[in-house]
1. Tell me, in nm to one decimal, what length is gained between Ala427 and Asp322 on full extension, where the rule is 0.36 nm per residue of separation less the Cα-Cα distance?
2. Compute the angle between helix 304-314 and the longest alpha-carbon principal axis of the chain, please, reported from 0 to 90 degrees and rounded to the nearest 10.
3. What FRET efficiency do you get for Arg272 and Ala202 if R0 is 30 Å and r is their Cβ-Cβ distance, rounded to the nearest 0.05?
4. Can you pull the one-decimal nm distance between simple spin-label points at Arg47 and His314, each 7 Å off the Cα toward Cβ?
5. Lysines near Lys415 by alpha-carbon distance under 26 Å, same-chain residues fewer than 8 away left out - which ones?
6. Can you spot the lysines whose alpha carbon is less than 27 Å from Lys109's alpha carbon? Ignore those fewer than 8 places along the same chain.
7. How do Thr43, Thr206, Thr308, Thr99 rank when sorted from fewest to most other Cβ atoms within 10 Å of their own Cβ?
8. Quick query: amide H of Glu71 versus all other amide H atoms, modeled in the peptide plane; which residues come in under 5 Å with a sequence gap of 5 or more or a different chain?
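We did not get these values from a lab; they are worked out from the coordinates using the rules stated. Fair warning: this is a prediction, and the values are worked out from it, not measured in the lab. In this analysis, Cβ positions are derived from the backbone assuming ideal geometry, glycine residues included, and neighbour counts consider all displayed protein chains.
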Amino acid sequence: MTVTRFAPSPTGYIHVGNLRTALMNYLIARKTGGTFILRLDDTDQERSKKEYADGIMEDLDWLGLHWDRIERQSDRLDRYRTVANELRGRDALYEVFETPVELDLKRKKQLNMGRPPVYDRSGLRLTPTERDALRAERAPYWRFLLDQKRTEWTDGILGDVSIDTASVSDPVLIRADGQILYTFASSVDDVDMGVTHIVRGADHVTNTATQIQIMHAMGAGHPAFAHHSLLTGAKGEELSKRLGTLALRDLREAGVAKEALLSLMARLGSSRPVELMMSLDEIADGFDLSTFGASPTKFDAEDLWPLTRDRNHHLPYGAVADRIRALGVPDAMAERFWLATRANVTRLDELAGWWALVRDGAVPLVADEDRAFVDQALPLLPPPPYGADAWSNWTAAVKDATGRKGRALFLPLRKALTGRETGPEMADLMPLMQKAPQRG
């Protein structure tokens, strides 16, 4: 059975980059009837916060990305210690003692000599006496012994990948204070939880080679990996510095529709065009990992608004009935109000402006060249309530009185009645209006 996972660290809220990873893993499980795990990578107890964990779950729930089960790494610390002891017994973990300052000096020396700044494995050359002496001064931390051979896999997006681990430092898996680091905990979890497919960002490619070796050292195989491209800004600029402004909760608060967000993220970076899809079933049916490319992918938050507008135009009255009722729109006219105005809102909170217009009337918007025309037309407007034929009757009467026709007739009358240049079909809007235009 297919098992995927989304493994955010609860040290902040989900942003658009996280969502892309979560959605791809969710869709793979959804298409195959598999299991989607939400795994909170919360071994960093100092930075992990309950408010962020709750926020992650709230955001996923809003999007409809419902997990089949939830796991927390903080509940599995004993398991990591057990596996660490097993790896020590296989000489796959070794203790080291360098301070950050000492490591920095080593890196600078290697760079000055034109060598790659790879850890020199001096910890392996310590004698037992030297280790005992260093332990008396400071706590050790633990590195994984890479085999320094090429690690290869067929990536679901990148194709055949080969990483020479001789050019990679043996990774630190356990800090001196005992904290289990991501690379180790994630590898243990993926094995123990039977994860079969992992999709994540291209910045993890080298890390994947390391994790494959850790899994093999545990005596296990490894999942199928796919690494999606990283997002950039609309002009190709680095997006990572702006991700704090692209948190899902901020986009939701701004009025972005979840269908717009999901539709964009499900196709962004693929060879298929972005189009609005109204359900996760529809998105899953059209999802194909092989259509995605490796090149950096431009993300522009402005692209969410046309999709949001399109989504709102598709909503049936029942989906917005409570919102419209909360505005104070009488039940007798609420559905007609929605059908008349829905094509003229991008965000649903814009309905409040249309209701204010319908309820209170508007100050006429009159161009200087139309002032005499409007002064002649308004006395021909009967008082509300307006019937179904009010717009056609009024415009016909004004046409007969002034000789105007076409745009020169209709646009000034719309502006005089609504105070706006654009809006719903006047034949639909006018019967809803409670008051005649205000006198400015």
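1. 35.3 nm
2. Roughly 50 degrees, rounded to the nearest 10.
3. On the way: r = 20 Å, r/R0 = 0.65.
Calculated value: 0.95.
4. Spacing of the two 7 Å Cα→Cβ label points: 3.8 nm.
5. Lys399, Lys405, Lys435
6. The reachable lysines, counting only those whose Cα sits under 27 Å from Lys109, are Lys149.
7. Thr99, Thr206, Thr43, Thr308
8. Placed amide hydrogens put Leu38, Arg39, Leu40 under 5 Å from Glu71.
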